[in-house]
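Okay, structure first, notes after.
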Amino acid sequence: MNQLKRLESGIKGLDTLLKGGLIAGASYIIQGRPGSGKTILANQIGFNHIAQEGRVLFATLLAEPHDRLFEFLSTLSFYDKAQVNQNIQFVSAFDTLENDGLDAVVKLLRREISRQKSSLLILDGLLNARTKAESPLDTKQFISELQGHAAFAGCTVLFLTSSQLDDGSPEHTMVDGVIEMGEESIKSKTVRKIRLRKTRGSAAISGGHEFEINENGISIYPRIESVLTRSALMDSDHFTTVSSGISTLDAQIGGGLLSSSVTLIMGPSGAGKTSFGAQFLTGCTPEHPGLFFGFHESPQRMRFKAQALGFSFQALEKTGALHLVWNPASTGLIDRLAYELLEIVERKHIKRVFIDDLVAMARVAYDQSRVHGIFSALMAELRARGVTVIAAWEIQRLLNDQSVGSAPELSGVMDNLLLIQFGQHETELQRQLSILKIRDCAYDPSRLEIVMSDTGIVLKKV
C-alpha cells in the first residue's frame, strides 16, 4: 500500500492528530478567532520546517507590519532571528491585493515560491482575499490557482483566516484539510481546543483536543483515551510478585502485589494513604526505579514524611532509585499530566509509581465526563509498560461504622482495592484497613489495624 509523503509539523501532538503530519504538497486552512493561536501555530510549523532543511515563504494579506510580528515571535523559543530572510522569507501582499486584485497576488506568490524554492507557503489573511472576490467562484479560482502553482513546486500551503468558515464555504471545499482553533468554557474554566474539521485522503484523530500557549509556542495534547487504544494487547502473560513495602500486608494477600498491577487505596484525609505509598516506594532500586507523582505533598514534605517512618528518600534519590514529581492541584490540563507521567516513566525506566492522588488529578479536568476514560487508558498503558502502580483516592467518610457505599466508578478497572477508615476502639480512634479486592489471588479479608511508627507501617488484626 502506498504511503503519502508527510511534512512533519514538529509539534508532537499535532503530528499525532494528523497520523504523522501534514500531507506534503496539500493545502490546509487554519481558522480561529483573533488571539486563538493561528499565527503562532503557523510560524512554529514554519520554523520547525526550516530545522528539517525546508524553506518557508510567509505571505500576508493584512495591513499589519512584519516588525510587530517579529517582536511578538521573539518571545517564543522556536523563533530564530538568524533564519529570517534566509530560509524563511516574509512578504507583504497587502498593497498588491488592494491595488491590483487577486490575480496579481497569485502572480506575486508564484514568483516568490519559485525564487525562494519554498517547500512551505503560509498565507495569512484569507478573509481579506474573500472580501476582494466578486463572487464565491472568484474565491475558489484564487485558491485553486495558488494550490496549482504550489503543488507544481512541491510546496505545502497553509491558509490562515479569522473567519469562522462553515463546511460548505468555497474555501473549505477547495482545500485538503481544515484545522480549527478556539476556546471552550464551562463555569469558571476556559480551555483552548483544536480540532481537525477536515482531512482529505488521510486518517486523523477527530474531536476536540486541548492545547496551551507558553514560551515554547503551542503544545497540543490529543485526548489520551483516543491515542492509547491498544495498551491491553501488550499486557504480559508472565507475572511476578512485588512487595507492597509492608510485610504484614504482603502476608494477607499471597506474598505481595502482582507486577504490572494497579492498586487503588481509598480513605479520608489523614488516614495514611500517602504513608502507604511512601513505604511502597522504599522497595525501589536503581535497576527498578520508582516515581512519586503527587499533587498535595511537595518533594520536601515527602522526604520528611518518609524520614518519620524511618526511610531515607534522599538516599534513594541519590542512587537514581527514586524520582519525586509535584504538580499543582489547582491548574493544568489533565491530558498534559497523563503524558508527562508516561514520558517520565519511559525516560527513567520506572517500574513503580505512586500517584497521590487521583481525585486531585481529576479535578483539573475541563470535561469531567472524560475522567473515567482517561484513567482507564492511563492505567492500561502503565500495566503494558510493566509498571506496578498504587494510586490514592480521597473519600469523605471517616468512620468505619458509616456505610461505605459504592466505590468510585474507576474501581472496576483496578486490580486491587484497599480501604482505610477510622474505627473507634474504646476511647481511641484506630486507622483500620479493609481489603476489598485482590484480583486473581486469594486474600485474607480480616480487618487490620494500621500502626505507624518510626520504623514504618505494621498491620495487626483487629
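Ile113: net charge of surrounding residues, Cβ under 15 Å, Lys/Arg +1, Asp/Glu -1, itself excluded?
Neighbourhood net charge equals +4.
Of the residues Cys441, Cys155, the one with the fewest other Cβ atoms within 10 Å heads the list, and the complete ranking is Cys441, Cys155. Only DSSP H runs of four or more residues enter the estimate; each adds -39500 (n - 2.57), and after division by the residues of the chain the mean residue ellipticity at 222 nm equals -9500 deg cm²/dmol. Free of any GluC sites (Glu not before Pro) that DSSP assigns to a loop and that have at most 15 other C-beta atoms within 10 Å, the longest stretch within the chain is 288-425.
The trypsin sites (Lys or Arg not before Pro) of region 1-76 include none that meets both criteria, a DSSP state outside H, G, I, E and B (loop) and at most 10 other C-beta atoms within 10 angstrom of the site's C-beta.
With θ taken as phi - 60° and the Karplus curve 6.51 cos²θ - 1.76 cosθ + 1.60 applied, the whole-hertz 3J(HN,Hα) list for region 285-302 is 9, x, 7, 10, x, x, 9, 9, 10, x, 10, 10, 8, 5, x, 4, 5, 5 Hz, x standing for glycine and proline. Principal axis extents of the C-alpha atoms in the chain (largest first, rounded to whole Å): 92, 45, 43. P(r) tail for region 231-461: Cα pairs beyond 34 Å make up 9% of the total.
For Ser243, the shell of other residues with beta-carbons less than 12 Å away shows a net charge of 0, using +1 for Lys and Arg and -1 for Asp and Glu. With θ taken as phi - 60° and the Karplus curve 6.51 cos²θ - 1.76 cosθ + 1.60 applied, the whole-hertz 3J(HN,Hα) list for region 14-29 is 5, 5, 5, 4, 8, 6, x, x, 5, 6, 4, x, 8, 10, 9, 9 Hz, x standing for glycine and proline. Of all aspartates and glutamates in the structure, those lying under 16 Å Cα to Cα from Lys117, and not within fewer than 8 positions of it along the same chain, are Glu53. Relative to the longest principal axis of the Cα atoms of the chain, the long axis of helix 102-116 lies at roughly 70 degrees. Of all lysines in the structure, those lying under 26 Å Cα to Cα from Lys198, and not within fewer than 8 positions of it along the same chain, are Lys5, Lys12, Lys19, Lys38, Lys132, Lys140. Among the trypsin sites (Lys or Arg not before Pro) in region 223-312, those placed in a DSSP loop whose Cβ has at most 10 other Cβ atoms within 10 Å are Arg230. For Gly208, no residue 5 or more places off, or on another chain, has a built amide H under 5 Å of its own. Helix 38-51 and the longest principal axis of the C-alpha atoms of the chain enclose an angle of approximately 90°. Listed by chain and number, the aspartates and glutamates whose C-alpha is less than 12 Å from the C-alpha of Lys189, apart from same-chain residues fewer than 8 away, are Asp367.
Using the Cβ of Glu346 as centre and a radius below 15 Å, the other residues enclosed give a net charge of +4, where K and R count +1 and D and E count -1.
Just so you know, all these numbers are worked out from the coordinates, no wet-lab data involved. Note that the coordinates shown come from a computational prediction; the quantities given were computed from them, not determined experimentally. Here the Cβ is made from the backbone with ideal geometry for all residues, glycine too, and neighbour counts use every protein chain on show.
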